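S.K.: This structure is in structure tokens; I'll ask about it shortly.
The values are calculated or read from the model by the stated rules, or taken from the named source; none is laboratory data. Computed from a predicted model, the values in this text were never measured in an experiment. Quick reminder, even Gly has a Cβ in these numbers, built from the backbone with ideal geometry, and neighbours come from all protein chains shown.
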Amino acid sequence: MNKTNRVSSSPVPGTNSCPRIEASEEKNRPLWSVMIPTYNRTKYLEKTLTSILNQAPAPEFMQIEVVDNCSTQTDVEAVVQDVGQGRISFYRQPYNVGLTANLTACIQRSRGHLVHILHDDDVVLPGFYRHLQEAFEQEPTLGAAFCRYANVDEDDRPVYIPKLEQVTAGVISHWIERIAVEPLIQPPALVVKRSVYEKLGGFHPELRYTCDWEMCKRIAAHYPLWYEPQILAHYRIHSASATSDVIKSGANVADRRKAIEISRAYLPDILADKLSHKAEEVSAINTLGAARRALSRGDTATTMVQIKEALKCSSSLKIVGILTLVPILAGIERMKQYGYKRAY
């Protein structure tokens, strides 16, 4: 890849440790870069790549590249060659650089003006690239654009569809006040201008499970975003995530608290404390939900870990009140699992 680089501008407050993304002066750049990070997983990769190819313009308009984080258990390149037939490029890291660094590598290796990071088990639906390209054409000041999406299970069945953020397509107002409080965008739904990454930097190296949320907040704090109300992407949920080591250890919640702390530095001064406190409270509520689900499964160890992490997020009266309901709600969930019905 031939590329002439110059040093990007200084990072925004709170992101001094974020990797810099060097600006490209390469001529004849494609409009799109679709970058697919992967590691030791090919089960859904063919679906992911096919969903791109089914709507991809010519190579001069869209770069498509799989960035493999040095997989050791699967032959990712063979799948890419079989599906892509030369249309999809492949890059293998010389060693495992970690999840967050591999995501940043996707940005660094991108050549297009618009960057879409699509994970190896997610898919885009027909019209995704056309609709989001039209957004950037209609509003040149955009930093990013995103669409409504659906969470699907291992068998592509929808399990959750987020509420509409607004009825019509267009620039979304007061977005920072919503995205700063909780994650509302899943990665496959988001497209970002490369010039934005060049200004704001890559994914924060201190984060793992919430690096995408922190990036969404960082972008929203500095640029307008466009919302497309059509469902044009699928984000895959795996059943194993309910009992993962991450939840058992509480690392997911600790990571969330770190993301809230990092973003406080660049949120609007007048809103920073209010939004950060609200984010901590919402995080605590969600964590108590995880504790309730663990208790309903009889997993008391995970329950206690999640409760402790929730209280580290917030110990407001609201959170304490919800905490007292955890055993009751867990009991109700457990009865439902065993088919018990309330007598009337």
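S.K.: Return yes or no: is residue 70 in contact with a Pro (Cβ under 6 Å, 6 or more places away or on another chain) and either touching a residue at least 24 places away in the same chain (Cβ under 8 Å) or more than 24 Å from residue 206 (Cα to Cα) (or both)?
M.R.: no
S.K.: Follow-up question, since we're still on this one. Given the condition basic (Lys, Arg), buried (at least 21 other Cβ atoms within 10 Å of the Cβ) and either within 15 Å of the chain's Cα centre (by Cα) or more than 30 Å from residue 22 (Cα to Cα) (or both), answer yes or no: does some residue in segment 203-223 qualify?
M.R.: Checked segment 203-223: at least one residue is basic (Lys, Arg), buried (at least 21 other Cβ atoms within 10 Å of the Cβ) and either within 15 Å of the chain's Cα centre (by Cα) or more than 30 Å from residue 22 (Cα to Cα) (or both).
S.K.: Name every residue in segment 43-91 that is more than 22 Å from residue 132 (Cβ to Cβ) and β-branched (Val, Ile, Thr), in order of residue number.
M.R.: 72, 74, 76, 79, 80, 83
S.K.: Among the candidates 169, 189, which residue alone is closer than 25 Å to residue 256 by Cβ, in contact (Cβ under 8 Å) with a residue 24 or more places away in the chain, surrounded by 17 or more Cβ atoms within 10 Å (Cβ to Cβ) and touching an Asp or Glu at 6+ places or on another chain (Cβ under 9 Å)?
M.R.: Criteria check complete, one pass: 189.
S.K.: Can you tell me which of 178, 218 is farther than 16 Å from residue 106 by Cα and either without any contact (Cβ under 8 Å) to a residue 24 or more places away in the chain or in the same structural domain as residue 252 (by TED's automatic domain parsing) (or both)?
M.R.: 178
S.K.: Residues being part of a loop (DSSP other than H, G, I, E, B) and of a type outside the set (D, E, K, R): count how many of those fall in segment 142-178.
M.R.: 13
S.K.: Given the conditions (1) closer than 18 Å to residue 211 by Cβ; (2) out of contact with any Lys or Arg (no Cβ under 8 Å at 6 or more places or on another chain); (3) touching a residue at least 12 places away in the same chain (Cβ under 8 Å), and given that residue 255 satisfies all but one, which numbered condition is not satisfied?
M.R.: (2)
S.K.: Give segment 187-236 a look and list any residue that's within 20 Å of residue 137 (Cβ to Cβ) and of a type in the set (Val, Ile, Thr), or say none.
M.R.: Residues satisfying the conditions are 191, 192, 196, 219.
S.K.: Here's another thing I want to ask about it. Would you mind telling me which numbered condition in (1) crowded, with 22+ Cβ neighbours inside 10 Å; (2) among the aliphatic types (A, V, I, L, M); (3) modelled with pLDDT of 90 or more; (4) not assigned by TED's automatic domain parsing to the domain that holds residue 176 residue 285 fails?
M.R.: Unmet condition: (1).
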